[in-house]
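For reference, the structure discussed in these notes is given below.
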Amino acid sequence: MKAAAFAYLRADDLPDALAWLAEHGADSKLIAGGQSLVPMMAMRLVRPAVLIDIGRIDTLKHRQVMPDLVRIGAGVRQREVETDPRIARALPLLRDALAWVGHVQTRNRGTIGGSLAHADPSAELPLVAAVLDARLTLRAHAGPPRSVSARDFFLGPMSTAIGDTECLYEIDWPRWSGDGVGSAFQETAMRHGDFALAAAACQLQVDADGRCLRAALGLGAVDGRPRAFDDLAKHLIGRPVDAALANEVATLAAARVEPGTDPHADQAYRRHLAAVMLSRAILGAARAGQASDRQPGNGGRP
């Protein structure tokens, strides 16, 4: 199939894009990398009357690594983040997740903000944003910028808190400081690069004895939106992270999600996969944290 007819506007700066959004509202769609939107338009799952191209707006392409956070513009390409050594050291979980996003060709074009705004329940970056509780800044033609927590941003499948006249401007990713920080991202798909059947993310901080000091974890592709479990993360605090503890926490988390059923897997199998993926992610993060703690002066960053 081919996309339905639409008008095309290419914005050279953010004020122009926001003004066009204000003018066309729900009849318009923003496009930057187009890795998700273009296929949906080709299948006529979405039919915008106006397509606003923001791919050349430089003010959406900034990257800042600060002591307590990493700020990434919504228009930054995924591959640029994946290959940035500063971001890899500051945000190991984001680095780990990006390796699972499509293929290199996809990440060369796809943007960080595009993946978050698309809000596919199987996507990797929304899961990381939810687990780390990133903050997303939205801009509109009128009024001040609006900051939304990732936990409040994802409302359901392909549904977010972005208004019809708003553009995702930048994302603030919290940066963990200190020694012993490790992360892991696990995913199962029919083939690498396909949509996940189940995905799990975990970031831990451990002491020299492997005892957990801080934890964040969550599941993706097994519910209508990415799920983070702060209360279950607290079960890890103060305890050595071993297989029994990881399995216990992962099983509790998997019991809370509502996976769908399709020709590839039914609900029970997806829930089982979720528990396995999260258990592996917890153990992997603990191992990474202990390994980083044995490397003097690296600040807990692998």
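Hey, if you put +1 on the Cβ of every Lys and Arg and -1 on every Asp and Glu Cβ in the chain, which of His103, Ala199, Phe153 ends up farthest toward the positive end of that dipole?
His103
Tell me, what is the FRET efficiency for Asp13 and Ala244 to the nearest 0.05, using R0 = 45 angstrom and their Cβ-Cβ distance as r? It would help to have the intermediate numbers written out before the result.
Numbers: r = 56 Å, r/R0 = 1.24.
About 0.20, to the nearest 0.05.
Determine, from the Cβ-Cβ distance of Ala99 and Ser177 and an R0 of 35 Å, the FRET efficiency 1/(1 + (r/R0)^6), rounded to the nearest 0.05.
Numbers: r = 24 Å, r/R0 = 0.69.
Calculated value: 0.90.
Go ahead and estimate [θ] at 222 nm for the chain from helices alone: -39,500 (n - 2.57) per DSSP H run with n ≥ 4, summed, over the residue count, rounded to 500. Could you put the intermediate results ahead of the total?
Details: 12 runs with 104 residues, N = 302.
Calculated from helices alone, the mean residue ellipticity at 222 nm is -9500 deg cm²/dmol.
How large are Rg and Dmax for segment 59-173 when calculated on the C-alpha trace, in angstrom?
Here Rg and the maximum Cα pair distance are 13.1, 38 Å.
For segment 7-53, rounded, prolate or oblate, judged on the Cα gyration tensor with a ≥ b ≥ c (square roots of eigenvalues), a/c < 1.5 rounded, else prolate if a/b > b/c? Intermediate values should be presented prior to the final figure.
Details: a/c = 2.78, a/b = 1.60, b/c = 1.74.
Because a/c hits 1.5 or more and a/b fails to exceed b/c, segment 7-53 counts as oblate.
Which entry in (i) 1.01; (ii) 1.12; (iii) 1.07 is this structure's computed Cα Rg over 2.2 N^0.38 Å?
(i)
Could you pull out every one of the lysines with an alpha carbon less than 27 Å from that of Lys29, ignoring same-chain neighbours closer than 8 positions?
List returned: Lys2, Lys61.
Calculated FRET efficiency, Arg191 and Thr83, Cβ-Cβ r, R0 30 Å, to nearest 0.05? Can you show the working numbers first?
Details: r = 23 Å, r/R0 = 0.78.
Step by step, r from the Cβ atoms, then E = 0.80.
How far, in nm, would the chain grow between Glu258 and Lys2 when pulled straight, counting 0.36 nm per residue and subtracting the alpha carbon separation? Write out the running numbers ahead of the final one.
Values: separation 256, 0.36 × 256 = 92.16 nm, distance 3.39 nm.
Gain on stretching Glu258 to Lys2: 88.8 nm.
Based on other C-beta atoms within 10 Å, arrange Met66, Met158, Met277 from fewest to most. Don't skip to the end; give the middle numbers.
Numbers: Met66 10, Met158 17, Met277 28.
By the 10 Å Cβ count, ascending, the order reads Met66, Met158, Met277.
Quick one: work out the % antiparallel among DSSP beta bridges in the chain, nearest 5.
Details: 42 of 50 bridges.
Given both bridge residues lie in the chain, the antiparallel proportion sits at roughly 85 percent.
Quick note: the coordinates plus some simple rules give every number you see, no bench work behind them. All values reported here derive from a predicted model rather than from experimental measurement. Note that each Cβ is placed from the backbone with ideal geometry, even for glycine, and that neighbours are counted across all protein chains shown.
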